[in-house]
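The values are calculated or read from the model by the stated rules, or taken from the named source; none is laboratory data. Just so it is clear, the model here is predicted, and its values are computed rather than measured. Cβ placement follows ideal geometry from the backbone for every residue including glycine, while neighbour counts extend to all protein chains displayed.
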Amino acid sequence: MPAKKTAAPASKPASKAASKAAFAPAPPTKPAKPQLVRIARPDATDAARSKAQKEFNRLTSRIAKAEKELADFRDAATALRQRVQNEYRPLQHAHNAARAQLVRVLDRAHDEQKLSKTERRKVANIIGEFSADLPERGFPDLQPIIDKYAPPLSPEEDAEADRQTAEMMKALFEAQFGIKFDPDVDVSSPEKMQAYMDSKMAEQEAEFEAEEAEYEARRAKRKKSPKQQAAEEKKQLEEKTITKTVRGLYLDLVKVLHPDRERDEAEKIRKTVLLQQVTAAYEANELLTLLRLQLELNRIDQSHLESLAEEELRHYNKLLREQARELDEAMYEEQAEVSSFTKRPFFLVSTPTAMVRDFELQKAGLTRRVRQLEAEVLAFGHDPAAIKAFLKDYKIPKGPPAGMPMLIRL
C-alpha cells in the first residue's frame, strides 16, 4: 500500500495530510464545492441498490460532511488565534498593568497609612499570593516589593518545602507511569528527580522491548493453522488489489494531466496544480479525492459508478472507511490543539460555535476584572478610606491561592 504522507490536495480539506497547516491563514476565496460522488438510484426506490452501493454512498456523504466540518473548524481556530492576539492579549496586558499598579498602591498604603496589624497582614497576603508572576510579565520593578512581603524561607523551611515537593512528584509519577521509587533514593532537587526518572523510564523501555522481542520470537515459532494462513493470504491479496485499484485511478489522471506536452502556458499551470493534487491524494490514499477529480475531468461518469462490480466496491469502501477514520482523527487533533492553546476544557472548544461563545465569555470576564481593578486603583489613590473598606471585606484564603483569571497563558 502506498505510504501515507502529510501532503493534501489544495482543492479540499485534507485529513491527516494538512494537520501541520491547522492554523494557517485561510485563502481569500473559498474553493469550489467538491464534486458529489454518489451512486444514483436506478429507480424511484432505494431497494435496487446493493449493500455495497449503499455503504459507498453513506461513506462518501460522511466524508464530505467531515471535510466541511474540519475546514470550518480550522477556519474558526485561525480566527480565534487572531482574536486572541488582537483582542485578548491587550486585555491581558491591561489586566497585569492594573494588578501592578494595585501592588504599588497597597505597598505605599502599608508603609504610609495607619493600618491595623490585621490590615497589614491582608496587604502582605494580597501582594505575596497574587503578584508573584508580575515581574516576569513585564514589571520587574515589583520584585523588591514582592520579596518584601514574601521573604525567603529559612534553610530548614526550604528543605522541608523541597521534601514536600519531592513527595508530591513521587506520588504523581507513581500514579501516572507506575514507577516505584526506591525508599533511599535522593530526589530532593528537580535535577535529581529528572535524572532518576530518566533512568527508571529507560529501564521500563528496555524491559518492554525485551518482552516484545520475546513475544515476537514465540509467535514466529508457532505454526499457523490453515485457517490463519488462508486469512493472511486473503488480506495480502486484498491489499494488493486495493493498491492496484488506487494506482490505476492515479495513473489515469496523471496521463491526462501531465503538463510537459502542454503548449498553452495557462493550461500548463492549471494542469501542474491539478497534478500536484492528484499526487498528494494518491500518496495519502484518498480515494474519494481521486474519484472527484475523475468526475471533474470527465474521466468517469455516473454510469461508471453504477456499473462498478461488487468486489471493486468492497475495495473502494474499505479505503473510504479509512479516509473517514483519518478525518475523525484529524478533527480530534485539531480540537485537542485548540484546547491546549486556550487551556480550556475540551468540550468548551469542540465546535466553532462553542469556541466563539467561550472566547466571548472569557473576554467579557477579563474586561470586567480590568475595569474593577482600574476603578479600585483610582479610588485607593484618592481616598485612603477606600483601602480600609477594601481590606475589611477581603478574606485571607485558607487554601492555596486561586490565582488570577486567565484564559490563555502569556
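Tabulated values for the structure
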item	result
Test: residue in the range 322-336 that is free of Cβ contacts under 8 Å to residues at least 40 places away in the same chain, within 20 Å of Arg49 (Cα to Cα) and part of a helix (DSSP H, G or I)	no
Residue among Leu361, Leu320, Leu373, Leu327 that alone is hydrophobic (A, V, I, L, M, F, W, C) and modelled with pLDDT under 90	Leu320
Filter result for the condition that a residue is over 28 Å from Glu337 (Cα atoms), of a type in the set (A, V, I, L, M) and out of contact with any Cys (no Cβ under 7 Å at 6 or more places or on another chain), over Ala150, Ala64	Ala150
Number of the condition not met by Leu275 [criteria: (1) surrounded by 15 or more Cβ atoms within 10 Å (Cβ to Cβ); (2) at pLDDT below 80; (3) aliphatic (A, V, I, L, M)]	(2)
Number of the exception - Ala330 against (1) surrounded by 15 or more Cβ atoms within 10 Å (Cβ to Cβ); (2) farther than 18 Å from Asp75 by Cβ	(2)
Residue in the range 145-154 that is under 30 Å from Asp184 (Cα atoms) and of a type outside the set (Gly, Ala, Ser) present	yes
Residue pairs meeting the criteria (Cβ under 8 Å; at least 6 apart or on separate chains; first under 26 Å from Lys170 (Cβ atoms), in the range 193-219; second surrounded by 12 or more Cβ atoms within 10 Å (Cβ to Cβ) and among the small types (Gly, Ala, Ser))	Met193/Ala166
Checklist (1) surrounded by fewer than 18 Cβ atoms within 10 Å (Cβ to Cβ); (2) under 24 Å from Phe73 (Cβ atoms) applied to Met355, failing item	(1)
Subset of the range 316-347 (residues that are in contact with a Leu (Cβ under 9 Å, 6 or more places away or on another chain) and farther than 30 Å from Leu249 by Cβ)	Val338, Ser339, Phe341, Thr342, Lys343, Arg344
Matching entry among Leu308, Leu348, Leu287 (being of a type in the set (A, V, I, L, M, F, W, C) and crowded, with 20+ Cβ neighbours inside 10 Å)	Leu287
First in the range 111-134 and more than 14 Å from Lys388 (Cα to Cα), second anywhere and assigned to a loop (DSSP other than H, G, I, E, B) and among the β-branched types (Val, Ile, Thr), Cβ under 8 Å, 6 or more apart	Asn125/Ile396
Set Phe177, Phe173, Phe181: member being within 28 Å of Glu207 (Cβ to Cβ), modelled with pLDDT of 80 or more and hydrophobic (A, V, I, L, M, F, W, C)	Phe181
